[in-house]
Every structure is written in C-alpha cells, then in structure tokens.
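Single-structure report; data block below.
The values are calculated or read from the model by the stated rules, or taken from the named source; none is laboratory data. All figures in this text were calculated on a predicted structure; none of them were measured in a lab. Note that we place each Cβ from the backbone using ideal geometry, even for glycine, and neighbour counts take in every protein chain shown.
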Amino acid sequence: MKKLSLLFLITLVIVSCKEEPKTPEKTLADIVIEQTQVVQDSTDFREFKVLDSKYINSEYVMFSVKDDLDGFTEGNYNELKALIIDQDIPTLQSHILNGKLSYENLTKFFLYRIGKYDRNNDLSLNSIIALNANAVEAAKQKDEILKSSGKTLEDIQHSVFGMPILLKDNINADGMMTTAGAAALANNKVSDAFVVERLKENGAIILGKANLSEWAYFFCGDCPSGYSAYGGQTLNPYGRRVFDTGGSSSGSGVSATTNFAVAAIGSETAGSILSPASSNSAVGIKPTIGLLSRGGVVPISSTLDTTGPITKNVIDNAIVLSAMIGKDNNDSASFVNHGDGFNYADNLNVDLKGKRFGAIKGLLQDTLYTNAVNVLKGLGAEIVEIDQERVNLPGFSQFLTAEMKIDLPTYFNNYGDQSLNLKNAKDVVAFNDLDSLKTAPYGQRLFHGIVTDSTTKDELNAMRDVLRTNGRKFFDTPMDAHNLDGILSINNFHAGFAAVALYPALTVPMGYRNNGQPRGLTFIAKSKEELKLLSWAKAYEDASKMRVSPKNYN
C-alpha cells in the first residue's frame, strides 16, 4: 500500500509531459477520497530527514553471502553481463541449457551486483534489506538437478526453476527476518509465506528481501514513499534523489528494474505494486484478490491485500505469477482460476483485433498515453473515449484503519515471531516511543489512528459494501455501456477504484517524460481476467518496445 507523492485532483489538472508544480504530500486515503491522480514530479531527496538506514549497511547486507562470493571477481561479473542484464527468463534458461551460464553463476552475479550498487556509494539505491545465506547453495542444487533431469528448453523456458527472486520484506521467508521495514520487527523470525512455498515448489531461488515503505505505507502518514526505519530511503535509478520511487513495494520495483534479480515480489492494497512498477519502468500486476494467498504477509486489509510480481517484461511476469498461484486452505479468499498447473505464459493471446478499450478523456492530453493508445489502435484494437465516472470512495481511510486494527493482530498471532511479544498496533507504537528519533523520525500518525479507532463491525461491513459498489460502478458503467474489454489508465491513477472493486490491473512501460521520468500504461479488467491483462500488455510491449534500462546501472 502507499502514500505516493505529489498529487493533483484529476478534475482540476491537465496531464502533460511538462513539469508540474509541487503540491503537499498526502496519504493513500487522500488519493482515493479526493479521486486524485499521482504526478510523481522532481523532488530532491536531500530535503528529507533520513537517507541511509541506521540499522543496516552494505557490509551487513552482504555478510551472509560474503564467503559464497569468494573468487567471483569483477572480471567474472563483466563476462556475464551480456548474458544476464535485461534478459528474460526464456533467454536465461536457454543460456543455462546451452552451458553458457549456470544457476550458480546467475545467482552469484545478482549478489555481486547488489554489493556493487545498492548501498553506501554514489549510486546506492537502498533497495535491499537482506540476502539469503542459502541462495548460492540452492543454486548449486538446481544445477545438479537440471544435469540429471534430461529437461529440454521447452520444459523450462516458462519456469522459475533456478531463477533468483527477491521478496518485499513484508512477505515471510524461512531463514530471513520479515521486518516490514520496521525496527520493531528486526528479529521477526518466521516460516515461509504460502506464495514463497509455491515459488520454492516450482524451483525458484529466494535471493533476499527488498526494502519497502514502512508497514506498506500505512504507518507514518507524513513520510516519503520508499522510506523505512530499518531499510532507509529507497531511491529511483532513473533519477536518484530526483524521482519518487513510488510505493509501497519500492524496493521491489527498484531492484527488479535494476537487474538485482530476475524478478521481485511486491504487495498491494491500493496501488503498491502499480506505483513502484510504473515509477521504475517495470511491469507489475495486481491480481484479483485471492488468486494469490495472503497467508504469511504482513497485512493492512484482508479485504484488499494481495501479492504480485514486478518484472522487467511481461513474459517474466506471466511466468512468475503462474509459479505463485495455488489454493491456500487457510486463506478464505483463496481460489484457483484455471486449474492446477496453469501457466499464463503458455496461453497468451496477443491478437488485439476487435478488442475494445476505454481511454479516459482527461488523460488523452498526456502525450505518452496518447502514443500508447495509438499503438493499440495500430494493433487492431478499438478505442472508445470515455468520461471518468463521478463517484467517490467514502470512508476509505477509516476502512483501512479499522481493517488493520483487526488484521495486524491476526498476523502476529498466526504468522509472526511470538518471542517479540507484539500483539497489536499499540505495542508497536510503544516500542517506537522508546527511541522515536531512530524508529519513527516522521512520526507514526496512522498507527496512532489504528490504536484509537472505534469502528464497529456493522460500520466496517457497511463501508466495505459502499466502497465495492462505488469501485465497480466506476469501471462497470463505461464498460457495460460501450461493451469494453478493459480500461486504460496511467501508473496507479485509478488503483484505488480497482482495489475496492477487487479488479486486477497491470502496468507496463509506455515511455519517459521530457525529464526522463518513467510512465506506465495501466490496463484494468474485471475479476479473474489476469490472462487478458497479460495478453494485452504483451501485445503492447512487443509493438512499442518502450522500456530502457536505467543508464547508470549497466
């Protein structure tokens, strides 16, 4: 989830590729209640209170893998760059089957690259919180398994087998702490979340943990996106100390686009995948709630929370998403859409002829958006210009507050480390008050709101019903009136409405503003239509080829 950055009321602002004036930062609740869109404009991060973590540094992060990198040199790294940088999973699997690469060297490459770029230097991004001490050994095992398996490229080209993947640090993983970016959870030793179990069952290598906006951006209410007390301030590789990273899956977006792993897993309540993916020129999908289990993920809202992959391209997104799905009997929302073993990457349909998309009139003055719409037209899609529905999302802030008051204790009780003696938000606030300059330099206003919240069960249910009704009205009215397959948006501009409607959304790079800031074209569809989103995005990506890797990290 997130507080994102510089905001403008959509009814008052014309979107363009020019520089916009700055406005005060607001919370996610403000974004949704005011029906705003986010304009992540240039900001000097030296204005903010904290840059580097007071808890970890590069030596600390790299310590657990230091011995595994003995003998892996800058020369080895440079020899492997052309085989790995910006390559998709099918290409990497081909290199490994052909003997040009191994899972061990692929893993060592990413670990070395993280040590080279991520912390305590002039190009540092502060996107990684921890690394998995068992990653290299797991990669060696994958090499041995592949050698004895007799598998062909067709068997593994759409597989996460042997692929190093980072997790947002609110997703539980065995052998690493899950901190949610909070000092209070620095020693939160846990077992694998369900989606991590699924990734491992499909052969993925968990490389480490990515930084995030603390408590998934529902904590301070007045801090920049990408900041956590434990992980420090994540920075955007396309404009370090210049562009907002987006949040709350800030480290996941940054690490994925900067080639610190094959992919990174984020989580979203209302824009937390779409925002950092689009802000960092990556592909991010927010699935239908329940397609991916929420078990073992530090929550905000059991109604709206989901995990999802952030990748450099659409095919990898489809592959990683496929490896995460599965029925979790401990998650009441969990479902399997296409049956066990379904792989989105094997079923993409990139033919857009006759597909009907709604283009929001107020966004058509954005040159990048207009260009993207024209690409879709060139692929045979029909574009219908639509007015944005004038509905709001009343009580959204209170709804999130009331849900987290219930759901955070559930996490602590069922998935957290019991030795921490944390039971609720009040305990976290008390912990932070012991040294607030270090643990909460921007304050903890939203957590104070959780402590004092008195929403009743009936009030919560009523808010949920109104939010869902209004969210679906926002999309269903134009979609039904014009027989649309999907809606076209920008970045996370309409993430709040998609969230409460429980509709999936996917963002894909659509270019860069005049100042070099990334933008994403965002597709929104109805529930359980992830395959359509991935297919549309793949068609657009193939035709537009808009993504460019951050130049200082090649």
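Can you list the helices (runs of 4 or more DSSP H) lying wholly within segment 376-492 that have 1 or more residues being touching a strand residue (DSSP E or B) at 6+ places or on another chain (Cβ under 9 Å) and among the small types (Gly, Ala, Ser)?
457-482
Of the conditions (1) among the polar types (S, T, N, Q); (2) assigned to a strand (DSSP E or B); (3) surrounded by fewer than 22 Cβ atoms within 10 Å (Cβ to Cβ), Thr507 satisfies every one except a single condition; which number is it?
Here Thr507 clears every test but (3).
Search segment 337-375 for residues being part of a helix (DSSP H, G or I) and under 24 Å from the mean Cα position of the chain (by Cα), and hand back the single one that is surrounded by the fewest Cβ atoms within 10 Å (Cβ to Cβ).
Result: Asp346.
If I ask for residues that are in contact with a Phe, Trp or Tyr (Cβ under 8 Å, 6 or more places away or on another chain), of a type outside the set (A, V, I, L, M, F, W, C) and touching a residue at least 40 places away in the same chain (Cβ under 8 Å), which ones from segment 109-151 would you list?
Residues satisfying the conditions are Tyr112, Arg113, Tyr117, Asp118, Ser124, Ser127, Lys142, Asp143.
Does any residue of segment 471-482 turn out to be within 24 Å of Ile273 (Cα to Cα), out of contact with any helix residue (DSSP H, G or I) (no Cβ under 6 Å at 6 or more places or on another chain) and among the β-branched types (Val, Ile, Thr)?
No: segment 471-482 contains no residue that is within 24 Å of Ile273 (Cα to Cα), out of contact with any helix residue (DSSP H, G or I) (no Cβ under 6 Å at 6 or more places or on another chain) and among the β-branched types (Val, Ile, Thr).
List pairs: first in segment 533-546 and surrounded by 20 or more Cβ atoms within 10 Å (Cβ to Cβ), second polar (S, T, N, Q) and not in a helix (DSSP H, G or I), Cβ under 7 Å, 6+ apart or cross-chain?
Going by the 7 Å Cβ cut-off, the qualifying pairs are Ser535/Asn349; Glu541/Asn313.
Quick check on segment 409-437: of everything there that is among the hydroxyl-bearing types (Ser, Thr, Tyr) and under 27 Å from the mean Cα position of the chain (by Cα), which residue is nearest to Asn188 (Cα to Cα)?
Ranking the candidates gives Tyr415 first.
List every residue pair whose Cβ atoms lie under 8 Å apart, where the two residues are 6 or more positions apart in sequence or sit on different chains, the first residue falls within segment 68-92 and is touching a residue at least 24 places away in the same chain (Cβ under 8 Å) and closer than 20 Å to Thr311 by Cβ, and the second residue, located anywhere, is of a type in the set (A, V, I, L, M, F, W, C) and in a loop (DSSP other than H, G, I, E, B).
Listed pairs, sorted by first residue: Leu80/Leu101; Ile84/Leu101; Ile89/Val160; Ile89/Met163; Ile89/Val262; Leu92/Leu101; Leu92/Met163; Leu92/Val262.
Picking from Ile165, Ile114, Ile56, which residue would you name as being assigned to a strand (DSSP E or B) and either touching a strand residue (DSSP E or B) at 6+ places or on another chain (Cβ under 6 Å) or more than 29 Å from Val548 (Cβ to Cβ) (or both)?
Ile165
Quick one: which residue in Val190, Val196 is among the β-branched types (Val, Ile, Thr) and more than 17 Å from the chain's Cα centre (by Cα)?
Criteria check complete, one pass: Val190.
Residues that are more than 22 Å from Tyr112 (Cα to Cα) and at pLDDT 95 or above, at least 1 per element: which helices (runs of 4 or more DSSP H) completely within segment 182-288 meet that?
194-201, 214-217, 274-279
Consider Ile273 carefully, then state whether it is among the β-branched types (Val, Ile, Thr) and farther than 28 Å from Tyr227 by Cβ.
no
Considering each residue of segment 510-533, count those that are assigned to a loop (DSSP other than H, G, I, E, B), out of contact with any Lys or Arg (no Cβ under 9 Å at 6 or more places or on another chain) and among the aliphatic types (A, V, I, L, M), and give that number.
0
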